[in-house]
Structures are given as C-alpha cells and as structure tokens.
Amino acid sequence: MSENLKKIEKCCLSFKKNEDMALHCSFKCGGRARFFCVPKNLSCFVKVLRYAALEGLKVFVLGKGSNTLFKKFNGIVISTQNLNKIKVKKNLVYAQCGVEFSKLSQLCLKSSLTGFEFATGIPASIGGGIYNNAGAYGKELCDVVKKVKVFDGKKCFWLDKEDMGFGYRNSIIQKKQLFVLSAILCLKNGDKVKIKNEMFDILQKRRDKQPLNYPSAGSVFKRQGEIIPAKVIDNLGLKGFNINDAQISQKHAGFIVNKKNAKVYDIEKLIKLIQQKVFEKEGIILETEIEIIGE
Ligand SMILES: Cc1cc2nc3c(=O)[nH]c(=O)nc-3n(C[C@H](O)[C@H](O)[C@H](O)COP(=O)(O)OP(=O)(O)OC[C@H]3O[C@@H](n4cnc5c(N)ncnc54)[C@H](O)[C@@H]3O)c2cc1C
C-alpha cells in the first residue's frame with residue numbers, strides 16, 4: 001500500500017477495498033468502489049481529502065446515499081457517517097456534515113425550534129442536503145441555513161448563505177466542487193406541540209404518497225417550473241412498467257423502486273426509457289435528480 005493510502009487508513013475508523021456500494025445506498029444495489037473509508041472526525045476528513053488528492057484518486061463524498069446510484073467506481077468513497085456532532089445554542093443549530101436529517105428533526109422538536117419540519121422524512125445528511133438544497137412542501141434547506149463551513153481542496157472557510165448559490169436542487173457545492181464540513185442553521189422558537197403535529201402530518205403525507213416500503217432514491221427527475229415529472233410519466237401510462245426488478249412505482253410515478261434484485265444497469269435503462277418516451281410524446285427533456293456515479 002502506498003504511503004498516502006497508509007495515512008488515509010490511519011485517519012479512518014474503517015478503510016476497505018472493493019466495497020459493495022449496495023450496502024451504502026438507499027436503492028440497495030450498486031457496483032463496487034475501489035476504496036471506501038470512514039474518517040474519524042472532521043480534521044481527519046480534511047486530511048483524507050488531501051491525501052486522496054496527492055494519491056491522484058477520484059473522490060466521492062458519501063452522505064446517506066439517498067440520492068446516489070453507483071456503478072463500478074475506480075476511486076475512493078469517503079463516508080461522512082461518523083461526522084455527526086450536533087449542538088444547539090438558543091435558536092442556532094451547529095451540525096457536522098454527516099448529521100442525519102432525522103436526528104436534526106428530533107433535536108429541533110426537543111428544543112422547541114421551528115422551521116425544519118418540512119424536512120421530516122427526507123433520508124438525507126446535512127452535507128448531501130446542502131449539496132442538493134433538499135426541499136419539500138414548498139420549503140428548502142436554504143430557508144434555514146445561516147452559514148456553511150467548506151473545504152476547497154486547499155483551505156477551510158465559512159460561507160454565508162448569500163454566497164452559497166442556492167437554487168432549485170442546486171448550490172455552489174456542486175458548481176465549485178467544494179466539500180461541506182459543517183453548517184449553522186437558524187431556526188425560530190416555536191410551540192412543541194405544533195412542531196410535533198406538523199412533523200406527524202408531513203410523515204403521514206409521505207407514507208400516503210410515496211412507496212416507502214421499497215428501496216428507492218426518491219424522485220428520479222427534477223421538476224421544471226410547472227412541469228411535474230411524476231404527472232407526465234403517469235399520464236403516459238407508465239406506472240408499474242419495469243425492467244427486471246427496477247419498476248416505476250405504482251404509487252408514485254416519479255419514483256423508481258427496487259422490487260428485490262434490481263441491478264444498477266436495470267435502473268439506468270429504465271431511466272433512459274422514461275426519458276425517451278417523455279421526449280417522444282411530450283417533447284420534454286427530463287433531467288435526473290439522482291446521481292449515477294462511476295462507469
Ligand atoms: C424515500 C426518499 C424520499 C426523498 N424525499 C426527498 C425530498 O422530499 N426532497 C429532496 O430534496 N430529496 C428527497 N430525497 C432525495 C435525497 O434524500 C436528497 O437528495 C438528499 O439531499 C441526499 O442526501 P444524502 O446525504 O443521502 O446525499 P448522498 O446521496 O450521499 O450524496 C448526494 C450528493 O451530495 C454530495 N455530498 C454529500 N455529502 C457531502 C459533503 N459533505 N460535501 C460535499 N458534497 C457532499 C455527494 O457527493 C453527492 O454528489 C428522497 C430520497 C428518498 C430515498
């Protein structure tokens with residue numbers, strides 16, 4: 001093993017070769033990554049990013065893997081699962097990039113802080129959520145973000161919300177290839193019972209409309225203004241259409257679900273088929289929200 005890889009291993013709780021990425025993605029399928037590691041803490045995360053660059057490795061930072069589909073990845077996947085410190089000070093919440101939305105929701109409820117209810121049930125990490133400006137029910141993460149600490153490959157620094165380039169499922173993290181280290185969210189003092197009820201209602205809506213009993217990565221395609229992909233796909237009668245175990249959900253046409261043993265290849269083929277049919281019949285080019293990584 002090279003010196004850089006040995007240094008990476010030292011910074012990590014676990015360091016594996018040829019890792020099965022199905023274990024780390026909400027679709028529960030995927031190819032293998034050449035290296036997979038879990039940095040011990042934030043300073044180790046930055047060191048790993050530096051050593052990986054010195055080694056000339058392709059890097060993929062993985063949050064909860066709820067928007068990602070892996071083919072064979074000839075690089076290093078760096079999981080943020082152990083970067084999960086979280087602190088509340090009055091109405092401000094400091095969260096490291098690996099903090100799960102569910103943990104943050106529970107903390108907001110416990111602290112009677114309102115503003116994050118919309119995110120209930122999104123299976124994201126803070127890093128992935130900021131990268132995508134995750135949103136639901138008319139709100140987005142950028143509505144509550146105050147500052148984000150990033151690493152640009154050379155140095156670490158804070159960016160104010162105004163400098164984050166937030167847009168629909170977009171942020172400067174994508175455009176400038178930055179790494180999210182942590183964030184400060186600004187919430188409001190609220191009523192615990194109201195917060196709890198709102199969270200419950202949102203979870204109920206998700207259960208009613210989304211196929212949560214099968215692995216998926218949420219909505220496959222991005223909305224385009226008034227165009228809602230799920231409606232377009234449904235109108236074409238494609239609900240339930242499948243390629244092997246990859247199926248356009250019967251419950252929500254915007255989701256592709258893994259019925260049992262779907263392969264990345266099946267999901268990718270199904271995505272292309274939907275795009276082709278929607279273009280042929282409606283002249284709309286559907287853009288994917290989920291990311292397909294590797295070759
Ligand atoms: C059942 C279900 C429901 C969903 N509902 C919604 C919804 O309502 N709204 C919504 O917006 N999304 C939804 N999603 C999609 C998904 O949860 C979001 O896109 C989420 O933001 C992805 O977060 P993640 O941590 O899983 O990111 P990952 O899939 O791990 O990564 C996504 C991207 O973020 C990057 N990234 C992750 N961490 C960092 C970091 N620290 N620094 C830099 N880049 C990083 C990754 O490299 C990758 O490019 C849903 C998914 C599922 C499975």
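Could you tell me the calculated FRET efficiency between CYS156 and LYS209, based on Cβ-Cβ distance and R0 = 30 angstrom, to the nearest 0.05?
With a Förster radius of 30 Å, E is 0.15.
As an exercise, take the mean of 1/r over every pair of distinct alpha carbons in segment 229-293, invert it, and state the Kirkwood radius in angstroms.
11.8 Å
Can you give the three extents of the C-alpha atoms in segment 86-208 along their principal axes, from longest to shortest, in whole Å?
The Cα atoms of segment 86-208 stretch 45, 32, 22 Å along their principal axes.
Using each residue's phi in segment 3-16, evaluate 6.51 cos²θ - 1.76 cosθ + 1.60 at θ = phi - 60° and report the 3J(HN,Hα) Karplus result to the nearest Hz, with x for Gly and Pro.
For segment 3-16, the Karplus curve yields 4, 4, 5, 5, 5, 4, 4, 5, 7, 10, 6, 9, 9, 10 Hz.
Are there trypsin sites (Lys or Arg not before Pro) in segment 160-225 that DSSP marks as loop and that have at most 14 other Cβ atoms within 10 Å, and which are they?
Those satisfying the criteria are LYS176.
Counting pairs of Cα atoms in the chain, how many percent are more than 36 Å apart?
Numbers: 7551 of 43365 pairs.
It works out to 17 percent of all Cα pairs.
Based only on the alpha carbon positions, what is the Kirkwood hydrodynamic radius of segment 3-79, in angstrom?
12.3 Å
Quick one: of LYS85/LYS147; LYS222/LYS251; LYS28/LYS209; LYS89/LYS205, which pairs are farther than 23 Å apart, Cα to Cα?
Cα-Cα > 23 Å for LYS89/LYS205; rest within.
When the dipole is taken about the Cα centre of the chain, and only Lys, Arg (+1) and Asp, Glu (-1) are charged at their Cβ, what size is it in debye, to the nearest 20?
Details: 51 positive and 28 negative charges, 181 e Å.
I would put it at about 860 debye.
Quick one: net charge of ILE284's neighbours, Cβ under 14 Å, K/R +1, D/E -1?
Around ILE284, the charge tally is 0.
Can you show me the helix-derived [θ] at 222 nm for the chain, built from DSSP H runs with n ≥ 4 at -39,500 (n - 2.57) apiece and divided by the number of residues, rounded to the nearest 500.
On the way: 8 runs with 86 residues, N = 295.
So the calculated ellipticity at 222 nm is -9000 deg cm²/dmol.
Give a residue-ordered list of calculated ³J(HN,Hα) values for segment 49-64 (Karplus: 6.51 cos²θ - 1.76 cosθ + 1.60, θ = phi - 60°; whole Hz; x for Gly, Pro).
After applying 6.51 cos²θ - 1.76 cosθ + 1.60, I find 4, 5, 5, 5, 5, 4, 7, x, 8, 5, 10, 10, 8, 10, x, 8 Hz.
Using a cut-off of under 15 Å, list every residue of segment 165-199 whose amide N is near the label point 7 Å from the Cα of LYS146 along the Cα-to-beta-carbon line.
Those under the cut-off are 182-190.
For a footprinting-style exposure proxy, rank MET21, MET1 by other Cβ within 10 Å, fewest first.
Ordered by Cβ neighbours within 10 Å, fewest first: MET1, MET21.
I need the peptides 259-272, 61-74, 282-295 ranked by packing, meaning the mean over residues of other C-beta atoms within 10 angstrom, with the highest value on top.
Ranked from most to least packed, the peptides come out as 61-74, 259-272, 282-295.
Anything over 22 Å Cα to Cα? Flag those among LYS231/LYS281; LYS7/LYS161; LYS176/LYS269; LYS40/LYS161, in the order listed. Present the calculation step by step, with values, prior to reporting the outcome.
On the way: LYS231/LYS281 14 Å; LYS7/LYS161 34 Å; LYS176/LYS269 30 Å; LYS40/LYS161 27 Å.
From the list (LYS231/LYS281; LYS7/LYS161; LYS176/LYS269; LYS40/LYS161), the Cα-Cα distance tops 22 Å for LYS7/LYS161; LYS176/LYS269; LYS40/LYS161.
Every number in this text was worked out from the coordinates using simple rules, so none of it is lab data. Predicted model, so just to flag it, every value in this text is computed and none were measured. Please note: Cβ atoms are built from the backbone with ideal geometry, for glycine as well, and neighbour counts cover all protein chains shown.
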